[in-house]
Amino acid sequence: KQLLEIQELIQKDKDHLWHAMSRYNEKATPLIGMRGEGGWFFDVNGDKFFDGVSGLWCLNLGHGRKEIAQAAYEQMVNLSYFPLTLSHIPAIQLSAKISELLQGSYTTFFSNSGSEANETAFKIARQYHIQNGHPGKYKFISRYRAYHGSTLGALSATAQANRRIKYDPAVPGFLHVPPPYSYRSPFGEHVPDSDLLAADYIDQVINWEGSETVAGVILEPFISGGGVIIPSKEYLKRVAEICKKHDVLLIVDEVVSGFGRTGEMFGFMHSEGVQPDIVTMAKGLTSGYLPLGATAVRSEIYEKFKENGKQDHLRHISTFGGHPASCAVALKNIEIIENEGIVDRVSRLGESILLELRELESLDKVGEVRGVGFLFGIELVEDKKLKTPASEECMVNVIAACKKKGLIIGRNGDTVPGLNNVLIIAPPLSSTEEDLRFMVQVIKSVLREGC
Ligand code: PMP
């Protein structure tokens with residue numbers, strides 16, 4: 001692009017485009033993406049970057065997959081739009097495929113985003129308990145540090161102070177419990193199995209609230225945006241048992257962890273024997289090529305919506321939810337993930353990247369390196385013993401230094417005031433080994449330089 005053209009674009013951006021999450025900054029120039037190739041993209045200046053966060057952890061197969069674009073094109077010229085008050089073939093096939101992938105019998109309601117998938121889950125859960133003869137069960141439990149979306153219901157489940165502070169009061173009925181965060185355990189330093197204590201805390205809260213008032217627990221198998229928090233496999237098993245005991249639905253948010261990100265098709269699959277009542281998906285469902293959200297519900301739950309052979313329907317609709325082109329894209333995306341053995345690859349390569357990144361724990365600034373599959377978090381500290389979080393300046397410098405070397409990485413957003421000190425790395429699942437080596441080498445060299 002010509003310099004003048006670029007300047008004009010930047011001016012229009014400043015005047016008219018409202019960016020997500022960022023503060024307005026007169027001096028900063030926006031990074032304007034122009035073209036992508038696999039895990040890389042070029043901005044308007046022609047500078048090249050490796051996308052170490054897959055967009056917003058969604059571009060799992062990278063840019064430019066012609067098969068996916070072709071699937072969207074063919075669907076768009078064939079049946080451009082069709083509502084799911086009726087039915088269409090890509091949605092039917094995708095719902096059946098999701099059920100197969102979840103290794104159970106599931107019925108899926110389609111929407112457009114992760115937030116909407118979670119909103120849908122809350123409505124289904126509340127209505128399910130009514131249909132099941134327990135109309136008093138309306139409360140939801142989620143964990144501090146969790147992110148579940150930006151719409152008011154999903155935001156109410158999002159227990160991150162800074163994201164909420166200007167928009168509260170939240171929707172009534174949302175409760176929060178400690179996360180299974182062993183590095184900064186709310187149950188004290190060096191307490192063994194602190195993640196299981198966090199699970200048991202959910203049991204206590206349900207008892208205190210009265211189980212006849214609690215509809216569901218919503219959680220990510222691994223907290224992603226809230227700082228990459230990786231509990232033991234036992235944690236989710238324990239939570240699932242607790243939910244079952246209290247007739248509380250287990251809602252697993254697989255918006256980030258679904259479709260291979262963690263080295264299993266779904267994150268919950270790391271915990272053997274866990275079969276969630278509801279699974280929500282978005283992002284990786286289409287690898288970000290088109291918007292799509294999905295709320296998959298165990299068929300036994302769906303059955304409760306049929307009374308006297310008649311379905312007492314869910315009073316919920318989304319015009320574009322389950323758009324034919326989005327469903328066609330999702331089907332193609334899943335086909336590629338399966339055919340290319342992406343999930344096993346992520347599991348295998350993810351382990352070796354984690355080992356390499358763990359070497360950084362010898363540095364004074366690195367408190368802990370955590371990861372599963374292609375989801376990594378590096379918690380930076382000022383003082384290793386005291387675990388004082390790294391300063392804002394340090395975080396900004398590290399991210400800027402990576403960018404200067406051609407690598408985009410992220411950080412936990414507005415988790416807790418003063419605790420936004422986790423670098424987040426989540427490269428496309430299809431990244432080449434060379435790209436991954438580049439990514440690791442840049443992170444290592446930047447952190448070794450200090451901040
Ligand atoms: N759940 C999780 C775990 C997420 O990370 C996100 C998005 N970052 C959402 C839900 C919301 O998804 P969306 O932005 O598509 O509404």
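The values are calculated or read from the model by the stated rules, or taken from the named source; none is laboratory data. From a predicted model like this one, the values you see are computed outputs, not experimental measurements. Counting neighbours? That spans all protein chains shown, and the Cβs are built from the backbone with ideal geometry, glycine included.
Numbers at a glance
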quantity	calculated
Hey, I89 β-branched (V, I, T) and more than 25 Å from D247 (Cβ to Cβ) or not	yes
Those residues of region 365-401 which are under 25 Å from R437 (Cβ atoms) and not in a strand (DSSP E or B), in sequence order	K365, G373, F374, M395, N397, V398, I399, A400, A401
Failed criterion for G293 (all others in (1) in contact with a helix residue (DSSP H, G or I) (Cβ under 8 Å, 6 or more places away or on another chain); (2) away from the ligand (no atom under 14 Å from the Cβ) hold)	(2)
Residues being closer than 14 Å to V217 by Cα and more than 13 Å from the ligand (Cβ to nearest atom) - total across region 236-262	15
Inter-residue pairs, beta-carbon under 6 Å, first surrounded by 24 or more Cβ atoms within 10 Å (Cβ to Cβ) and in region 405-428, second of a type in the set (S, T, Y) and not in a loop (DSSP other than H, G, I, E, B), 6+ apart	A426/S54; P428/S54
The lone exception for G210 - which of (1) at pLDDT 95 or above; (2) touching a Pro at 6+ places or on another chain (Cβ under 9 Å); (3) surrounded by fewer than 16 Cβ atoms within 10 Å (Cβ to Cβ) it fails	(2)
Residue ranges of strands (runs of 3 or more DSSP E) in region 129-226 with at least 2 members away from the ligand (no atom under 16 Å from the Cβ) and farther than 19 Å from E116 by Cα	174-177
All positions within region 31-49 that are touching a Gly at 6+ places or on another chain (Cβ under 7 Å) and crowded, with 16+ Cβ neighbours inside 10 Å	G36, G38, G39, F41, D43, F49
Test result for D193, in contact with a helix residue (DSSP H, G or I) (Cβ under 6 Å, 6 or more places away or on another chain), over 22 Å from T280 (Cβ atoms) and among the charged types (D, E, K, R)	no
Selected residue (criterion: surrounded by the most Cβ atoms within 10 Å (Cβ to Cβ)) from residues of region 165-206 that are in contact (Cβ under 8 Å) with a residue 12 or more places away in the chain, out of contact with any strand residue (DSSP E or B) (no Cβ under 6 Å at 6 or more places or on another chain) and over 30 Å from L380 (Cα atoms)	D203
